[in-house]
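What follows draws every value from the coordinates through simple rules; no lab data is involved. This structure is a prediction, so every number in the text was calculated from the model and none was measured. We place every Cβ from the backbone using ideal geometry, glycine too, and count neighbours over all the protein chains shown.
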Amino acid sequence: DAGITQSPRYKITETGRQVTLMCHQTWSHSYMFWYRQDLGHGLRLIYYSAAADITDKGEVPDGYVVSRSKTENFPLTLESATRSQTSVYFCASSERAGAYTGELFFGEGSRLTVL
Amino acid sequence: AQSVSQHNHHVILSEAASLELGCNYSYGGTVNLFWYVQYPGQHLQLLLKYFSGDPLVKGIKGFEAEFIKSKFSFNLRKPSVQWSDTAEYFCAVSSYGNNRLAFGKGNQVVVIP
């Protein structure tokens, strides 16, 4: 099916463990993004990517690592999970709209709990 | 850096009441503007967008928004809400040459039947 899919949808892990959240899109969009959503903070950008092998930090990148070896995949890794990283994580993709970021298409979200 | 402000984070209203959510942004140049909606337990979906042209934009489900450049605002409106409009609403702004959207903190709207 076309669209943007995230896995796993739900994950419980322990402090200090490595966790990878997967994101896959079938539209061949150039841009991909990872956001975290927390009460009182809304959506905060963690990392984004303009194309394969091009990534850049967002507002809250500390403790996260991303890669983009293929256009369609944009995994987010928590190298050593902390309780403060308990959140809902959304992946999104978009095409460019001229010199602007176009409409974002969001995945269903991955709810991560760090014990 | 651009910033987006949404006020009245929690709104409770009855069915058939009118809804208006404010959105103000800080960037002084040309912008693209968006409203997204997140229904309970779901992902964000685009409600409407403004790139250029008529500053009054109509979106899905009877929503509309008005871009007022002089006020740096893009307020969302719906004349008569339904219980199914219970959701969180996010305003977002894209500025020239920027590779990202800046989101506001959202408005949690609860419509009481």
Take each of the peptides A:104-112, B:43-51, average the number of other beta-carbon atoms within 10 Å over its residues, and list them starting from the highest.
A:104-112, B:43-51
Integer Hz, Karplus 6.51/-1.76/1.60 couplings in order for the range A:52-59, x for Gly and Pro:
4, 6, 10, 10, 8, 6, x, 6
In order through the range A:108-113: 3J(HN,Hα) via Karplus (6.51 cos²θ - 1.76 cosθ + 1.60), integer Hz, x for Gly, Pro:
6, x, 10, 8, 10, 10
Over the protein assembly as shown, equivalent-ellipsoid semi-axes from the Cα gyration tensor in Å:
29, 21, 15
In peptide A:39-50, what is the residue-averaged number of other protein chain Cβ atoms found within 10 Å of each Cβ?
4
Using θ = phi - 60° and Karplus 6.51 cos²θ - 1.76 cosθ + 1.60, couplings along the range B:5-18 (whole Hz; Gly, Pro as x)
10, 10, 9, 6, 4, 10, 10, 10, 8, 8, 4, 6, 6, 8
Pairs to check: A:Lys70/B:Lys49; A:Lys70/B:Lys71; B:Lys71/B:Lys105; A:Lys57/B:Lys61; B:Lys58/B:Lys105. Give those whose C-alpha atoms are more than 31 Å from each other in this structure.
A:Lys70/B:Lys71; A:Lys57/B:Lys61
Using square roots of five times the C-alpha gyration tensor eigenvalues, list the equivalent-ellipsoid semi-axes of chain B in whole Å, biggest first.
24, 14, 12
What Kirkwood hydrodynamic radius, in Å, does the range A:6-115 give when the mean of 1/r is taken over all pairs of distinct Cα atoms and then inverted?
13.9
Quickly work out the A:Glu72-to-B:Ser18 label distance, labels modelled 7 Å from Cα along the C-beta direction, and quote it in nm with one decimal.
4.9
Once Lys and Arg get +1 and Asp and Glu get -1 on their Cβ, which of B:Ala92, B:Phe63, B:Gln108 lies farthest toward the positive end of the dipole of the range B:51-113?
B:Ala92
